[in-house]
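Beneath this line is the structure, given in structure tokens, with notes to follow.
The values are calculated or read from the model by the stated rules, or taken from the named source; none is laboratory data. Being a predicted model, the structure only gives us computed values, none of them experimental. Neighbour counts are summed over all protein chains in view; Cβ atoms, including those assigned to glycine, are modelled from backbone coordinates with ideal geometry.
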Amino acid sequence: MLAALVLAAGESSRMGGSPKATLKAPCGRSFATRIIDVLAESGVDNLFIVTGVHHDAIVAAVTADGPRRLPAFVRNPNPARGQLSSLWVGMDHAITPEVEALLVTLADVPMITVEVVRQVIDGWRASGAPIVRPAIGDAHGHPVLYDRSLFAALRTAPLEQGAKAVVRAREADILVAAIGRAGFVTPAFVKPGATVVDVGMNRVSEEADVVGFFGEGSKRHLAWQQRGSVLMGDVHPAVADVAGALTPVPGGVGPLTIAMLMKNTLTAATRRVR
């Protein structure tokens with residue numbers, strides 16, 4: 001089963017307060033309705049529109065258009081937290097045990113086509129890839145399809161970075177984890193065979209957490225029983241089963257390595273922007 005979210009919770013401040021989802025596409029129907037029609041014709045089972053402050057206006061516009069299939073309308077109570085918060089709200093309603101993948105698109109991208117959506121779905125079914133999205137060269141478009149294996153990663157992505165953090169992590173051949181949260185990077189974030197550099201250093205004091213990460217009776221659990229805490233990185237131990245290489249914590253990355261790594265990362269990012 002497939003579900004789809006149309007994210008339409010933005011304030012549309014640049015539009016003078018008029019929600020983009022209610023603007024008219026060339027076909028004469030609202031942006032939101034046209035997108036819903038395309039998704040329905042493409043074979044998506046469950047359709048949702050995530051709204052915000054313009055909830056009533058969007059519901060009225062879509063209902064008046066008489067779409068192929070009326071979607072469920074879900075309201076984000078606090079869209080100011082960012083687009084990822086709307087994704088979370090939508091997932092709370094859309095994700096059931098039967099849903100195998102989730103399509104996500106934006107209300108201000110109304111000209112998606114049935115052909116493209118079907119190609120995204122067919123590409124996922126043929127490859128089993130965790131993320132499928134249309135692209136022309138280096139430019140990526142919508143909708144983005146997330147396989148069920150990424151749902152947990154999407155729910156734990158940082159709000160300030162949004163779902164892009166998951167997409168970029170899954171595409172990286174070298175992933176540097178420097179977050180400051182024990183075990184935050186799970187296998188769902190990691191491209192199979194990638195090299196993972198764990199810069200994090202976290203002290204874990206709760207026995208339940210230690211057992212959850214390393215297993216009861218493991219070396220780390222025994223160390224916790226002796227010391228009352230253990231050190232671990234930002235990467236979950238299970239990542240070792242997916243990554244091509246994973247630096248250990250402690251004992252993998254020292255202060256000098258961290259300093260040089262961050263310097264080179266900043267230099268590379270600066271060159272890319274230029």
* Count - residues of segment 238-253 that are surrounded by 18 or more Cβ atoms within 10 Å (Cβ to Cβ) and either assigned to a helix (DSSP H, G or I) or outside the structural domain of Ala194 (by TED's automatic domain parsing) (or both) -> 1
* Asked: Could you list, in sequence order, the residues of segment 97-110 that are touching a residue at least 12 places away in the same chain (Cβ under 8 Å) and either among the aliphatic types (A, V, I, L, M) or over 12 Å from Ile49 (Cα atoms) (or both)?
  -> Glu98, Val99, Glu100, Ala101, Leu102, Leu103, Val104, Leu106, Ala107, Asp108, Val109, Pro110
* Asked: Taking segment 191-200 on its own, how many of its residues are buried (at least 18 other Cβ atoms within 10 Å of the Cβ) and within 20 Å of Met262 (Cα to Cα)?
  -> 6
* Is there a residue being within 25 Å of Asp122 (Cα to Cα), without any contact (Cβ under 8 Å) to a residue 60 or more places away in the chain and basic (Lys, Arg) anywhere in segment 9-26? -> no
* **Residue among Ala64, Ala72, Ala107 that alone is within 19 Å of Arg29 (Cβ to Cβ) and in contact with a helix residue (DSSP H, G or I) (Cβ under 6 Å, 6 or more places away or on another chain)** => Ala107
* Go through Gly141, Gly137 for me and flag whichever is at pLDDT below 95 and farther than 23 Å from Ser86 by Cβ. => Gly137
* To do: Could you pull out the residue among Asp122, Asp37, Asp56 that is closer than 21 Å to Asp147 by Cβ, of a type in the set (Asp, Glu) and part of a helix (DSSP H, G or I)?
  => Asp122
* To do: Test each condition in (1) touching a residue at least 40 places away in the same chain (Cβ under 8 Å); (2) within 30 Å of Ala80 (Cα to Cα) for Ala194 and report the one that comes out false.
  => (2)
* To do: Could you grab me the full set of residues in segment 98-117 that are assigned to a loop (DSSP other than H, G, I, E, B), of a type in the set (A, V, I, L, M) and buried (at least 17 other Cβ atoms within 10 Å of the Cβ)?
  => Ala107, Ile112
* Asked: Does Leu261 qualify as being touching a Lys or Arg at 6+ places or on another chain (Cβ under 8 Å), outside any loop (DSSP other than H, G, I, E, B), over 30 Å from Val132 (Cβ atoms) and touching a residue at least 12 places away in the same chain (Cβ under 8 Å)?
  -> no
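Given the options Val176, Val197, Val185, name the one that is assigned by TED's automatic domain parsing to the domain that holds Met262, within 24 Å of the chain's Cα centre (by Cα), within 30 Å of Val6 (Cα to Cα) and of a type in the set (A, V, I, L, M, F, W, C). Before you say what the answer is, go through the steps one by one.
Details: Val176 fails: within 30 Å of Val6 (Cα to Cα); Val197 fails: within 30 Å of Val6 (Cα to Cα).
The unique qualifying residue is Val185.
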* Where residues in segment 118-137 are under 21 Å from Lys164 (Cβ atoms) and β-branched (Val, Ile, Thr), which of them is surrounded by the fewest Cβ atoms within 10 Å (Cβ to Cβ)? -> Ile136
* Structure fact -> Checked Arg125, Arg118, Arg181 against criteria (closer than 30 Å to Asp234 by Cβ and basic (Lys, Arg)); the one match is Arg181
* Hey, could you check segment 66-97 for residues that are more than 20 Å from Val120 (Cβ to Cβ) and in contact with an Asp or Glu (Cβ under 9 Å, 6 or more places away or on another chain) and say which is surrounded by the fewest Cβ atoms within 10 Å (Cβ to Cβ)? => Ala80
* Where Tyr146 falls short, out of the listed (1) within 11 Å of the chain's Cα centre (by Cα); (2) of a type in the set (Ser, Thr, Tyr); (3) modelled with pLDDT under 90 -> (3)
* Kindly check whether there is at least one residue in segment 218-237 that is crowded, with 20+ Cβ neighbours inside 10 Å and of a type in the set (Gly, Ala, Ser). => yes
* To do: Answer yes or no: is there a residue in segment 150-164 that is farther than 22 Å from Ser42 by Cβ and touching a Lys or Arg at 6+ places or on another chain (Cβ under 8 Å).
  => yes
